Amino acid sequence: MALRKEQLKISLLLAGIVLLCLLIWRMEAMPSRVVLSSRSGVWDLRGVRLKDGHAKLAGPVEYVPRALLTPEEFSRSDAVVLGTVPDGTDYLTSRIRILVPEDGFYGSAGWMADYGSRLYVNGEWLADSGKPADSKEENIAKRFFIQFTARSQDGVIEIVQQSSNFVFRSHSVQGGWLVGSPAAVAQAVAAMDYSGAIAIGLYIALGLVHLLLFLLVPRYRVNLWGALLCLIWVLRTGILRAPALQALLPGLLWGVDLRIEYLTVVAAVVPIGELYNSFFPGMLSRRGRSLAYGFQGIFAAAYLLLDTLTMSRTIFLYLASAVLYIVYVFISFKRKVKKPDFKQKLSICGLFFILAGVVLDSLHSTAGISVPFMHDVVTETALAVFSFFQMAAMLLGTMEEMAAAREAERRLMVENEALDRLNRLKTEFLSNVSHELKTPLTVVSGHAQISYAQLAGTENGAVRDKMRIIASEADRLALMVGQVLDVTRIEEGRMKLEKHPCHIDELIYRAVETHFPILNKNGNRLEIKAGLDLPEVSADPGRITQVLVNLIANALRHTAQGLITVSTRKAGGFLEVSVSDTGTGIPPEDMGRLFTRFHPRSPGSPETGAGLGLYICKYLVEEHGGKITVESAGGAGTAVAFSLPLQAPAQGDGSEQEDGYPVSLLV
């Protein structure tokens, strides 16, 4: 019910906008309050109240084809023809005579069309628009609107116009002149100016709205096409109807002006097509859109390369193709969209106004048929109404996209909260299990080591070896349990470091003496290069010992009958410790994930650990303010180095060097 109320509000708002557009462009049609047709080339306004009104002239005129005559020459000519000037007439002179109620000053205004023209009023020269000539080479075409005041002579105003047209298909001379009181004509001209300025303002506002909506929801690209379409409408309206833009570009040639007018119409097809492709996914086939865009490209090339006369003669082909494309959209809509939503209905209604505008404009251009109260502004009205309908549809679409985004964000938050709860449960479970396993593992290892010692010197050598294996595996399992506990402490933020000055060589020897005999199962040798005069480091002895044991255990596990080397060196304000081996090395595909938790092993890898050791080592080293690096080549061994900050600044120039440390060899 609420949705229907919202749709009703939008419908009423759009109906009001349509009426507003009709009112705005009706302002421009107001000069034709009275439309008079001529009788034998004479307009009789004596029965019309012109004191506070005005009239628009229509109908046949007197003209002399293929002659450029002065008013005196026109009066003496015996080749005067009465009628509508046929298209294709290159140059001519025409005359209109206006009978007014009384002598006085009268205002008049109108376009001096799209060709070279010279205007005489009551026998006197008034103005030139371009340059009329009897040859294409000398002719200069120009679009020019003129407003003037003339005094009647013996109740008659005579307007003689020389015209030459080598650039446009139509030759509608004298069409649309406004005649009335000066104040009324001035008001009518102002209304035309206002309507153009209002149209440009509307399109700019709509374009800014679409651009803002696109910035709010970038993935909804419909608004970007809407902003582009409004920009095209601004350019077209500014070229055709805005005196301000024409004043900014006074040197704009008439041919360029016309080309821009035609090209904007062609260019508008692309954003309109993309709009409907977005509103109705799958309704317009890719082949249909490609064909339409291909035709637009052909017309665009023609409007850039052809002369203006040929251009103007192809406009009917373009209008026909536009009508066919719009009909194709309607047919596709009827066939493929069974249950359109409200925004789709709005969009297709807007297209109906475009179709009506194109058809009525074509009828006006070819047969002179026009809407009685709109005259020449049907296209502008249709474009404005279409734009507002599309804006409403795009606004609804944007609101739907924003609602969908909020819903997706809400679902993501719920999922993240669920994942956080699961992660906390997992961490608590691992912590509890690890604590429960640690005590029995310690008991098993202790009893196995005692049994191993008690069986020394007896004949139970096989049993003694099994006790050694049990103690070794129990210690290894206890190490893995300890790693799991450390990971839970890291994730919960409970990992505490107790740093104080200590000697790294003592930590190295302590780790080797405690764990090397148990971990060394592959007959490896261990070589230590650590001087006794090394500076102190600021570290937690227990955690750095844990790092050393882990690195040594990794080296022993991947090396058989080889050499494990533990070395130290000063590097600037740090002390670097390196554990290298001559083992199998690390495959290149594993190098990038060594320091991740539970990192997966390469197929066929002999590694049986939990995949936590290097992750914990990296965390501990970085918490000490150092770095850890790995260098390895397949089959050529591995070197893992980590650095710790010195307790006091290093002496000397800080360059890296390896001291001459005494060598201790363990077998």
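The values are calculated or read from the model by the stated rules, or taken from the named source; none is laboratory data. Here the structure is a predicted model, which is why all the values come from computation and not from measurement. In this analysis, Cβ positions are derived from the backbone assuming ideal geometry, glycine residues included, and neighbour counts consider all displayed protein chains. Each accessible area value is taken on the protein alone, full model and side chains, heavy atoms only, with ligands, DNA and RNA left out. Shrake-Rupley method; radii C 1.70, N 1.55, O 1.52, S 1.80 Å.
Quick notes
- Subset of region 510-532 (residues that are touching a residue at least 60 places away in the same chain (Cβ under 8 Å) and either farther than 24 Å from E623 by Cβ or open to solvent by 10 Å² or more (accessible area, probe 1.4 Å) (or both)): F516, R525, L526, E527, I528, K529, G531, L532
- Subset of region 627-652 (residues that are surrounded by fewer than 20 Cβ atoms within 10 Å (Cβ to Cβ), within 46 Å of the chain's Cα centre (by Cα) and either modelled with pLDDT under 75 or not hydrophobic (A, V, I, L, M, F, W, C) (or both)): K627, T629, E631
- Whichever residue in region 207-223 is more than 10 Å from M394 (Cβ to Cβ) and assigned to a helix (DSSP H, G or I) and, among such residues, is nearest to the chain's Cα centre (by Cα): L215
- Tabulated pairs, region 212-233, first more than 20 Å from L263 (Cα to Cα), second modelled with pLDDT under 90 and not in a helix (DSSP H, G or I), C-beta under 8 angstrom, 6+ apart or interchain: L213/Y220; F214/Y220; F214/R221; N223/V217
- Here I239, I140, I146 are screened, and the one residue that is open to solvent by 50 Å² or more (accessible area, probe 1.4 Å) and at pLDDT below 90 is I140.
- In this entry, F429 is excluded by the filter for residues that are hydrophobic (A, V, I, L, M, F, W, C), under 30 Å from L351 (Cβ atoms) and out of contact with any Pro (no Cβ under 6 Å at 6 or more places or on another chain).
- Residue within region 414-423 that is surrounded by fewer than 14 Cβ atoms within 10 Å (Cβ to Cβ) and within 30 Å of P340 (Cβ to Cβ) present: no
- You will find that of R33, R46, the residue that is under 28 Å from A183 (Cβ atoms), modelled with pLDDT under 80 and not hydrophobic (A, V, I, L, M, F, W, C) is R33 and no other.
- Index of the failed condition, K496 passing every other in (1) in a helix (DSSP H, G or I); (2) open to solvent by 70 Å² or more (accessible area, probe 1.4 Å); (3) without any contact (Cβ under 8 Å) to a residue 12 or more places away in the chain: (1)
- Extreme residue, surrounded by the most Cβ atoms within 10 Å (Cβ to Cβ), among residues of region 66-90 that are of a type in the set (D, E, K, R) and within 24 Å of G176 (Cα to Cα): D90
- Some residue of region 391-402 being open to solvent by 80 Å² or more (accessible area, probe 1.4 Å) and at pLDDT 80 or above: yes
- When I315, I348, I331 are screened for being open to solvent by 50 Å² or more (accessible area, probe 1.4 Å) and either out of contact with any Cys (no Cβ under 9 Å at 6 or more places or on another chain) or over 25 Å from F389 (Cα atoms) (or both), only I331 passes.
- Identity of the residue in region 579-599, open to solvent by less than 20 Å² (accessible area, probe 1.4 Å) and touching a strand residue (DSSP E or B) at 6+ places or on another chain (Cβ under 8 Å), that ends up modelled with the lowest pLDDT: L594
- Test: residue in region 542-555 that is part of a strand (DSSP E or B), buried (at least 18 other Cβ atoms within 10 Å of the Cβ) and touching a residue at least 40 places away in the same chain (Cβ under 8 Å): no
- Test for T89: is it polar (S, T, N, Q) and part of a strand (DSSP E or B): no
- Subset tally (residues that are under 20 Å from the mean Cα position of the chain (by Cα) and either crowded, with 20+ Cβ neighbours inside 10 Å or in a helix (DSSP H, G or I) (or both)) for region 267-304: 13
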